1. Being of a type in the set (D, E, K, R) and part of a helix (DSSP H, G or I) is the filter here; which residues of segment 181-198 pass it?
2. Hey, can you tell me all the residues within segment 162-179 that are within 15 Å of the chain's Cα centre (by Cα), assigned to a helix (DSSP H, G or I) and of a type in the set (A, V, I, L, M)?
3. Could you say whether any residue in segment 353-368 is within 16 Å of the ligand (Cβ to nearest atom), farther than 23 Å from THR219 by Cα and without any contact (Cβ under 8 Å) to a residue 60 or more places away in the chain?
4. Search segment 385-409 for residues being more than 26 Å from VAL196 (Cβ to Cβ) and away from the ligand (no atom under 16 Å from the Cβ), and hand back the single one that is surrounded by the fewest Cβ atoms within 10 Å (Cβ to Cβ).
5. Of the conditions (1) exposed (fewer than 14 other Cβ atoms within 10 Å of the Cβ); (2) not assigned by TED's automatic domain parsing to the domain that holds SER18, LYS147 satisfies every one except a single condition; which number is it?
6. Find the strands (runs of 3 or more DSSP E) located wholly in segment 16-95 whose residues include 1 or more that are modelled with pLDDT of 95 or more and either assigned by TED's automatic domain parsing to the domain that holds ALA149 or among the basic types (Lys, Arg) (or both), and list them.
7. Would you mind finding the one in VAL292, VAL285, VAL347 that is aliphatic (A, V, I, L, M), within 16 Å of the ligand (Cβ to nearest atom), crowded, with 16+ Cβ neighbours inside 10 Å and assigned to a loop (DSSP other than H, G, I, E, B)?
8. Only one of (1) away from the ligand (no atom under 16 Å from the Cβ); (2) more than 30 Å from GLU200 (Cα to Cα) fails for GLY271. Which number is that?
Amino acid sequence: MKAQTYIQRRKQLAAKYSRTLFVIYSGDEKMRSHSVAHRFKVASDFYYLTGLELSGAYLVLASDTSYLLSKAFSHEAAVWDDEAILNSEEQEFVQDVQKESVDKLADIVQSHLAQFDRLAFALGRNAQADDELLNSIAFEKRYRGRKLATPLAITDSRTLVGTLRLKKDDDEIANMREAGRRSSLVHHELMKLKIVGKTERQVANWIEAQFMLQDMSWTAYQTIVGSGERTVLLHARATDKVIKDNELVLIDAGAEWKGYCADITRTITAGSKFTQAQRELYDIVLKAHKDVISEVKEGLTLTQLHEHTLQVLSEGLARHGYNKDEVKNEVSSLMAHSTSHWIGLDVHDPSAYFDDLGQAIKLEQGMTFTVEPGLYFRSGFDKISKFKNMGVRIEDDILVTAKGHESFTKVAKEIEEIETLRSQQA
Ligand SMILES: [Mn+2]
């Protein structure tokens with residue numbers, strides 16, 4: 001990313017919401033065990049606006065003036081951590097931003113508050129950060145100097161930053177394409193892996209190791225490997241269950257490239273051939289997946305894509321024993337999740353799905369989202385007994401383009417392609 005990108009984003013946000021004072025917290029390290037922290041992932045809004053991966057830092061955007069507050073800029077800057085020093089590239093990212101020690105937060109917020117109608121931050125994400133900020137704006141502390149009659153409003157910064165993050169620029173698209181390409185390679189290799197006799201956990205570990213060997217920074221989310229009847233769970237964490245021949249295996253796995261996420265699901269057979277019933281269920285989901293992706297273009301909404309998905313799934317189910325009215329009632333229970341979510345720096349990018357008037361956002365070039373229809377025959381859904389305890393989901397990451405769409409993720413999904421790869425197991 002170029003320094004100008006971050007400078008422009010800050011300017012754009014401040015100009016778009018000129019009456020709003022932004023305080024964007026970078027997040028902090030969470031302890032995994034005594035004295036050892038979990039791997040840190042910086043809050044995406046902070047990263048989007050600074051390109052920095054500092055923990056415990058704040059970006060304050062006050063129109064033309066902005067501040068970066070970090071312990072790295074205090075007199076006692078840590079000797080232990082790399083982050084005490086910004087490298088020369090990072091310094092350029094925040095060249096126009098005033099650097100201050102983190103304990104100046106209350107002073108800086110109070111000194112600017114009089115000129116703004118509202119304060120935007122990610123309320124509720126971190127109790128300690130909430131506390132510090134709310135304390136700093138206690139009535140008596142902000143009353144002085146305030147020349148506006150309007151009461152101070154507090155709003156969620158994620159929704160506002162999310163309006164910028166919705167459309168990806170060329171550099172972001174390049175990173176997402178790369179996240180998709182590398183994650184797809186791992187799925188492709190997995191399709192040639194012998195997994196019968198392995199545990200779900202061994203398969204998940206293998207996948208995550210491959211992501212690391214692809215130089216990816218980390219998984220974009222906890223890898224899902226569900227086999228047999230565990231395919232009906234939407235988020236099956238890999239367990240010590242041993243994978244058996246003839247089982248379906250649902251793998252939902254993706255990793256990050258330069259902060260940008262890939263999110264891919266494939267459902268494969270543990271052995272080398274799908275059973276007849278598996279094939280029939282898979283075909284219903286695959287048809288919905290392909291139909292909906294082929295439809296993607298500017299002007300449509302994710303709500304419309306979801307309705308279309310349910311319609312294609314319903315038609316498929318109606319060919320296997322459901323009558324039309326039954327299927328209408330049950331399809332949204334058989335697929336108890338949305339077809340799509342925004343994706344970007346976060347695997348579920350927090351941009352809004354509806355506009356100020358409650359209308360679904362219309363797709364525009366540069367928007368990125370998943371298409372992931374699924375059907376899950378958990379207990380209680382016994383209408384089609386041959387599908388009992390089976391779940392199938394197929395997911396790709398899609399960019400809206402001038403011509404229609406591009407898929408960032410490319411992995412075999414036709415049954416014949418999957419069976420060919422499964423027959424090369426080693
Ligand atoms: Mn997804």
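1. ARG181, ARG182, GLU189 - these are the residues of segment 181-198 that are of a type in the set (D, E, K, R) and part of a helix (DSSP H, G or I).
2. Listed by number, the residues that qualify are ILE173, MET176, ALA179.
3. Yes, some residue in segment 353-368 is within 16 Å of the ligand (Cβ to nearest atom), farther than 23 Å from THR219 by Cα and without any contact (Cβ under 8 Å) to a residue 60 or more places away in the chain.
4. ALA402
5. Answer for LYS147: the failing condition is (2).
6. Ranges flagged: 20-25, 58-62, 65-69.
7. Result: VAL347 is the single residue among VAL292, VAL285, VAL347 that is aliphatic (A, V, I, L, M), within 16 Å of the ligand (Cβ to nearest atom), crowded, with 16+ Cβ neighbours inside 10 Å and assigned to a loop (DSSP other than H, G, I, E, B).
8. Condition not satisfied by GLY271: (2).
The values are calculated or read from the model by the stated rules, or taken from the named source; none is laboratory data. Because the structure is a prediction, the values reported are computed rather than measured. A quick note on method: Cβ atoms are made from the backbone with ideal geometry, for glycine too, and the neighbour counts reach across all protein chains shown.
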